[in-house]
Amino acid sequence: MARQQGIPIFVPVSGGPSKRVHPLGLGSGQDAVIEAEIQALIHSHPDVLPIAEIDPVFVGAIPICRELVTSAGPIDNMLMTASGLPVIVECKLWRNPEGRREVVGQILDYAKEITRWSSSDLQREVRRNLKRDGNPLLDLLRQAKSDIDEIEFNDALTKNLRLGRFLLLIVGDGIREGVEAITEYLLAHAGLHFSMGLVELPIYVLPDGSRLVVPRILARTEVITREVLAIPEGYHVAESSGGSSDEEVDAAVSILGDARQRFWAEFLSDFHLDDPEQSIPKPGRAGHLSFMFPAPNGSSWLTAYRDAHKNEVGVFLSSSRNSAGEYAMKVVTDQWDEIKPELGKTARIVERDGRPTIRDSLTPGSLDQPDVRKRAFEWLADRVNTFVNVLRPRIRSAVLDFRTKEQ
């Protein structure tokens, strides 16, 4: 049965007659709300945003400015926590709904744009927006929380911008038929590095002329950041039985980790993808890179690895067990006859941990030699790009089918 929402009833304490509360924003007449009014409401009363129910990490966000200019367009409302976590709000009137891809795509464009900013870039644009000297971003935060260390805040903000640690909110005044289809597209982005929410913000006029706002969450994504330890084939993890100090173990791990990080940093220095929505990981100290695919809770990803002992590099599709990502991996492996010509080269189906997956690998020779390493990088770049182009849209589609089957 379709969801219906009743109109609130005002019941006076004095025992007088009850009255239906008049809703704003559900038409196009004189009483209709405009987007600027929603922006102003959020800026003046940020508590109307149900942030705690969407992602508690962003609780306490302070309004910074409206219409913050970016090359992707102006951000309707920018809020910030004292720990340097940005909240980006896009206000929409549901009586004039846009296509779901356009609505969600717009706020994603904002997020992608400011991932290229540093704390100095954001502070500069806030200063221009508010037409104030100094550092108005930090000044506004200190008005709410006085003990903010400027250096720590700038470092945290720059890191959060680079990693895309944002809360993205699409906020509307009231729901019209068909608008909830936006949630389908929103949920399809559950694998992104952002927390996202679709919020209904209907506004009612009370008998005394004041306004009642009843926020309600229609959809949200939950992003879980996890560290995945990938063990190359032929290796195992053994517990230490003693004999080495913690300092010696840490030193050995640090040396190995530095070598791995240098290898992947060199690879990524000239690496590009065709798909603008695919995030590129930072060079870590593990023996692999994980390119996250759009599946809930980070349950599907493409692993690019190096096995230094075998002088081997390769890629394979990975997933968490008993998850939407595992379901999607089975779907795409079942489509092997269709996928194989698109992947080309030596891509193949293999068994990994008792599950079929898609893999490709190359053994070019000693990876310590610059010319061999260059050839390996060129091969890896081509394979990662091709695997992303072929598998990512299929994973997204299979995840949507998985959700439908669960309902």
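Using a 1.4 angstrom probe and counting only protein chains, how large is the accessible area of residue 167 in Å², to 10?
Ignoring ligands and nucleic acids, residue 167 comes out at about 0 Å².
Please enumerate, by chain and number, the lysines with C-alpha under 23 Å from the C-alpha of residue 405, excluding those fewer than 8 residues away in the same chain.
Within reach: 330.
For residue 268 and residue 321 in one chain, what is 0.36 nm times their gap in residues minus the Cα-Cα distance, to one decimal in nm?
Gain on extension, residue 268 to residue 321, equals 16.2 nm.
Given contacts defined as C-alpha pairs under 8 Å and at least six residues apart, what's the relative contact order of the range 255-407, whole-number percent?
Once normalised by length, the contact order is 23 percent.
What is the extension gain from residue 148 to residue 217, computed as 0.36 nm multiplied by their sequence separation minus the C-alpha to C-alpha distance, in nm to one decimal?
Result: 21.7 nm gained on full extension.
For the full complex of protein chains and a 1.4 angstrom probe, list 141, 268 by accessible area with the highest value first.
Of 141, 268, the descending order of accessible area is 268, 141.
Between residue 275 and residue 375, what FRET efficiency comes out of the Förster formula 1/(1 + (r/R0)^6) with R0 = 35 Å and r the beta carbon distance, rounded to 0.05?
Efficiency computed from Cβ-Cβ geometry: 0.90.
How charged is the neighbourhood of residue 388? Take every other residue with its Cβ under 14 Å from the Cβ of residue 388, and add Lys/Arg as +1 and Asp/Glu as -1.
Combined, the nearby Lys, Arg, Asp and Glu give -2.
With a 1.4 Å probe and every protein chain left in place, tell me how much accessible area residue 334 has, in Å² to the nearest 10.
Answer for residue 334: close to 110 Å² accessible.
The values are calculated or read from the model by the stated rules, or taken from the named source; none is laboratory data. Only a predicted model underlies this, so the values are computations on that prediction, with no experimental measurement involved. Note that we place each Cβ from the backbone using ideal geometry, even for glycine, and neighbour counts take in every protein chain shown. Please note that ligands, DNA and RNA were not included when accessible areas were found on the heavy atoms of the full protein model with its side chains. Shrake-Rupley method; radii C 1.70, N 1.55, O 1.52, S 1.80 Å.
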